[in-house]
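Here's the structure, in structure tokens; my notes come after.
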Amino acid sequence: MALLTLGVVGKKKCYPGDDSCFPTSDDFKDLETRLSSSLIYPSNVLGWRSIGPASLHNGRLDTNHVPYVATFATTSSDVKEVMKFVNEFDLLFSVKSTGHCYSGNCMSQDSFHLDLTKMKEISYDEASSTVTIEPGSNFDALYALNEETRTQSVGGMCGTVGPVGFSLGGGHGPLIRSYGLGADQIVSVDMILSNGEPLTVTEESDKDLFWALRGGGGGTFGVVTSMTLKTYRAPEQLISYSCNYPLKTTSDETVGEEIVGDCSFANHTSLKAWHDTRWFGKVPMKMRNYMATSFAQQGFDGKNVAKITIEAVINSENMMSSFFGIQTGGAVREGSEGSAVSDAFRGSEMLLEADANWITKMNDEKEINWTKGIGDDVHNLDDFKGAYVNEPDPQIEDFEDRFWGDKFEKLQEIKRRVDVGDIFWQWQGVYSEDKPTNPQ
Ligand SMILES: Cc1cc2nc3c(=O)[nH]c(=O)nc-3n(C[C@H](O)[C@H](O)[C@H](O)COP(=O)(O)OP(=O)(O)OC[C@H]3O[C@@H](n4cnc5c(N)ncnc54)[C@H](O)[C@@H]3O)c2cc1C
């Protein structure tokens, strides 16, 4: 078999085809006896993309993110066995919780892939007002539990997204200005390290690692098998206010005509009820995506942003793409010392996101150029800094600085301590020594 190098390159790992180091079929069979699910070899499976482990949210990544071998973990013991095996043979490894990663690094080509979508348990503890959630669970499940327990959680906009990956990278949503980011809600983390050892991390048990897990990004320090997050008492009444400003094609008759906003208040019984009435993430078919983000710093020059916005709208023929802002500030500004979330995020007034969604491969170049163009234009403005770890332009090379700024060096130090073999090694993630190169 030829030596395959399509995976994350830049460091010597043991790749399929390298008989000097790669596990034999007997080694894999032996591992299988210790797992609760069988191993799946994508190249041997007809219709691999229609089964669970293959399913990334982003349709653009389906064809070039095919692992060598994959398994569904159902318990921490599965995760432990896989980590010991990957460590022993120094294999390229990838792990996915719900598979919403924009860069595709949650399922890498030629990797040993661990799929956690079957680990979905979620429970509420009234005494501590916390939820404990496994990585395969999602916001639909969390918001349903919130509704049942009259609580609310800091979560994202789309119900299919996983709270674990979301919180590890920062996590923005409708409640962040009141309670802080998703990362700020982490109370404790159960994880399996790259050597297979289990570890529970709290602020008291390991202050530095706890800091790193709050914003250092997924796939970096260990496999999270469950996470405990703060919840808050739900309000008695929830009201949303929204405005739409319908744009018309300009004609002689419409020049000078006022654009009247169609604004309304609405009552909701819970945050879940509000989410359920929105379009978020309810697109019936699988889309191809690309994203670029940047943080507007305090006092940013809105005129230039307005100019970029107008150009973005004019230059896109795609109704499914958007360029939008999410207001930050408020409680987002607190907690910088207690987390690895960048100062660019903490100090910002807004997170700007260019988000292209399309269907056919034929349009890849056009849509990627549109998104990258806006991302680069915004990033080049004086008062914009950084990018959001969880919603990255997969092609940015200076991700260390853009995602974490001054905090990157400390993240590397912590990683060297807890992931001795640099087993968690992926594009746009914190690395110990050798920087991976972009596989796309
Ligand atoms: C449709 C859509 C809507 C979104 N909306 C929001 C939003 O409103 N707010 C927001 O902040 N973000 C949002 N995001 C981004 C989202 O936060 C990230 O995609 C996040 O990574 C999703 O978590 P996940 O569980 O799917 O992780 P995955 O995509 O499975 O993995 C993400 C990263 O974490 C690693 N990882 C996965 N599981 C584990 C684990 N158990 N232990 C350690 N590392 C792990 C992976 O290797 C990868 O590097 C959205 C994304 C999409 C596609």
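The numbers here are math on the coordinates, done by the rules we state, and not lab data. Every value quoted in this text rests on a predicted model; they were computed, and no experiment measured them. For neighbour counting, all protein chains shown are included, and Cβ atoms are generated from backbone atoms with ideal geometry for every residue, glycine included.
So if I take the alpha carbon set of the stretch 1-159, get Rg, then get Rh from the Kirkwood formula, what is the Rg over Rh ratio?
1.03
Extending each Cα 7 Å along its Cβ direction at Ser178 and Asp18, get the distance between those two points in nm, one decimal.
5.2 nm
Sum -39500 (n - 2.57) across every DSSP H segment of at least 4 residues in the chain, then divide by the residue count to get the 222 nm mean residue ellipticity, nearest 500.
-6500 deg cm²/dmol
Once you list every other residue whose beta carbon is under 15 Å from the beta carbon of Ser20, what net charge do they have if Lys and Arg are +1 and Asp and Glu are -1?
-3
For a quick size check, give me the Cα extents of the stretch 288-393 along its three principal axes, largest first, whole Å.
Cα extents, longest axis first: 45, 28, 19 Å.
Please order Tyr290, Tyr241, Tyr15 by the number of other Cβ within 10 Å, starting at the fewest.
Tyr241, Tyr15, Tyr290
Taking a Cβ-Cβ separation under 4.7 Å as the criterion for a possible partner, which cysteines of the chain have none?
Singleton cysteines: Cys158.
Give the distance, in whole Å, between the Cα centre of the stretch 376-391 and the Cα centre of the stretch 139-184.
When both Cα centres are located, 24 Å separates them.
What length, rounded to one decimal in nm, is gained on full extension from Ile314 through to Asp262, with 0.36 nm per residue of separation minus their alpha-carbon distance?
Stretched out fully, the Ile314 to Asp262 stretch lengthens by 16.5 nm.
On a 0 to 90° scale, report how tilted helix 408-418 is relative to the longest principal axis of the chain, with both axes built from alpha carbons and the result rounded to the nearest 10.
30 degrees
Once you put a point 7 Å from the Cα of Thr33 and another 7 Å from the Cα of Lys118, both along the Cβ direction, what distance in nm separates them?
2.0 nm
Mind checking the angle between helix 302-315 and the chain's longest principal axis? C-alpha axes, 0 to 90 degrees, to the nearest 10.
Taking the Cα atoms of the chain, the angle to 302-315 is about 80 degrees.
Please go through the residue pairs Lys282/Lys303; Lys118/Lys272; Lys230/Lys372 and name each one whose alpha carbons sit more than 28 Å apart in this structure.
The answer is Lys282/Lys303; Lys230/Lys372.
In what sequence do Phe324, Phe93 fall when counting other Cβ within 10 Å, fewest first?
Phe324, Phe93
Out of every Cα-Cα pair in the chain, what percent are more than 31 Å apart?
40 percent
If we count other beta carbons within 10 Å of each Cβ, what is the order of Trp274, Trp404, fewest first?
Going from least to most buried by this count: Trp274, Trp404.
Under 13 Å from the Cβ of Pro174, count the other residues' Cβ atoms, weight Lys and Arg +1, Asp and Glu -1, and hand me the total.
+3
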